[in-house]
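Trainee: My questions all concern the structure below.
The values are calculated or read from the model by the stated rules, or taken from the named source; none is laboratory data. Note that the structure is predicted; figures quoted are calculated from it, not measured. Don't worry about glycine lacking a Cβ; one is built from the backbone with ideal geometry, like all the others, and counts go over all protein chains shown. Just the protein is used for accessible areas: all its heavy atoms, side chains included, with ligands, DNA and RNA removed. Shrake-Rupley method; radii C 1.70, N 1.55, O 1.52, S 1.80 Å.
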Amino acid sequence: MAVAAYRTVAEDLRRRIDEGEFAPGDPLPSRAALADHYGVGSNVATAAVRLLTTEGLVKGRAGRGVFVRERPSSGTMARSWTQERLQGRLAVTAGGGEASGTGSQGSPSDPERAVLDTGHPGDTGRPGHPGDGSTADDGRTVRGTPRSTTGEAPEEIARRLGVPAAEPVIRSEYLLTRDGRPAMLCVSWEPLGITGGTPVSLPGAGPLAGSSVVARMSYIGLQITRSTETVTARTATREEADALDLTPGAPVAAIERTYFAGERPLETADLVVPGERFRLAYEIPAEPADA
């Protein structure tokens with residue numbers, strides 16, 4: 001059975017990508033150039049590029065063309081209470097190694113240590129560059145400026161925050177990048193009854209702009225003692241795929257996270273992590289069973 005012409009073109013383009021003729025980040029030739037090079041019609045060239053897009057090898061950028069995508073990586077993102085997480089950053093190592101900061105040195109053994117390591121005002125190591133609305137750790141992790149709005153808590157969010165439905169909340173959305181690539185999309189909610197009227201009511205403004213939830217709550221006298229996370233594997237929505245530079249339908253880890261002070265929820269968030277770039281690592285302390 002004859003192979004469809006567009007599959008033949010796609011196969012050769014795939015080979016050229018694999019051999020490095022088109023490196024990650026490089027643009028593919030235009031549809032017209034491909035049609036001319038392979039001696040096919042523009043519809044065949046378009047179908048070949050569409051196939052490579054579906055396979056995740058290339059990605060179109062509106063008004064710019066089609067570009068070779070970065071190869072999937074296997075970085076490990078620690079979701080335990082590492083020093084990076086306490087400072088609002090990502091704890092990531094490449095390959096299959098253990099994520100930095102895990103183990104006895106990375107997980108605070110008591111709430112007081114957690115507060116001391118958050119980058120509280122006065123710490124020379126507090127992450128962030130004044131005025132630019134972002135935070136970074138040695139140039140690898142950057143937190144975008146949160147876009148915050150005030151509104152009523154949806155029913156599900158109210159349940160997670162332990163407040164009545166339609167309670168006023170601050171909703172914030174931002175993107176974290178790692179080594180220049182999107183690493184996590186975050187949408188968070190905080191009750192106005194907790195942060196309203198304080199210097200840290202907006203995550204992207206005030207004396208702790210861009211700092212972690214742990215640091216911001218500590219600033220107003222609230223000590224976060226624990227967090228919970230529920231992880232679901234699913235495919236990315238179109239909006240998530242655009243924000244995270246993924247192909248539509250790519251796998252993601254959707255994390256529902258809530259921070260607590262004792263039994264009181266202080267903040268809840270929906271985090272979306274690209275499944276092709278990171279695996280999640282959790283450290284769970286083991287307590288001896290009673291004899």
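Trainee: Please list log₁₀ I(q)/I(0) at q = 0.12, 0.16, 0.26, 0.29 Å⁻¹ for the stretch 161-228, using the Debye equation with identical point scatterers on the alpha-carbon positions.
Mentor: So the normalised log intensities are -0.36, -0.62, -1.29, -1.39.
Trainee: Follow-up question, since we're still on this one. Before I look further, what does the stretch 219-291 give for accessible area per residue, probe 1.4 Å, in whole square angstrom?
Mentor: Normalised by residue count, the accessible surface of the stretch 219-291 is 54 Å².
Trainee: Which order do ARG234, ARG216 take by accessible area at a 1.4 Å probe, largest first?
Mentor: The residues order as ARG234, ARG216, largest area first.
Trainee: Using the heavy atoms of the protein chains alone and a 1.4 angstrom probe, what is the accessible area of the stretch 1-89 per residue in square angstrom?
Mentor: Using a 1.4 Å probe on heavy atoms only, each residue of the stretch 1-89 averages 53 Å².
Trainee: To two decimal places, what compactness ratio does the stretch 157-200 give when its Cα radius of gyration is scaled by 2.2 N^0.38 Å?
Mentor: 1.47
Trainee: Could I ask something else about it? Using the scaling law 2.2 N^0.38 Å as the reference, what is the normalised Cα Rg of the stretch 29-97?
Mentor: 1.76
Trainee: Would you work out the Kirkwood radius for the stretch 180-291? I mean one over the mean of 1/r across all pairs of different Cα atoms, in Å.
Mentor: Across the stretch 180-291, the inverse of the average 1/r is 16.0 Å.
Trainee: Rank by packing, highest mean first: peptides 223-231, 185-193, with packing defined as the count of other Cβ atoms within 10 Å averaged across residues.
Mentor: 185-193, 223-231
Trainee: If I compute solvent accessible area with a 1.4 Å probe over the protein chains, what percent of it on the stretch 212-282 is carbon and sulfur?
Mentor: Here it works out to 50 percent.
Trainee: Which value in Å is the Kirkwood Rh of the stretch 210-254 over different Cα pairs?
Mentor: Here the Kirkwood hydrodynamic radius works out to 13.0 Å.
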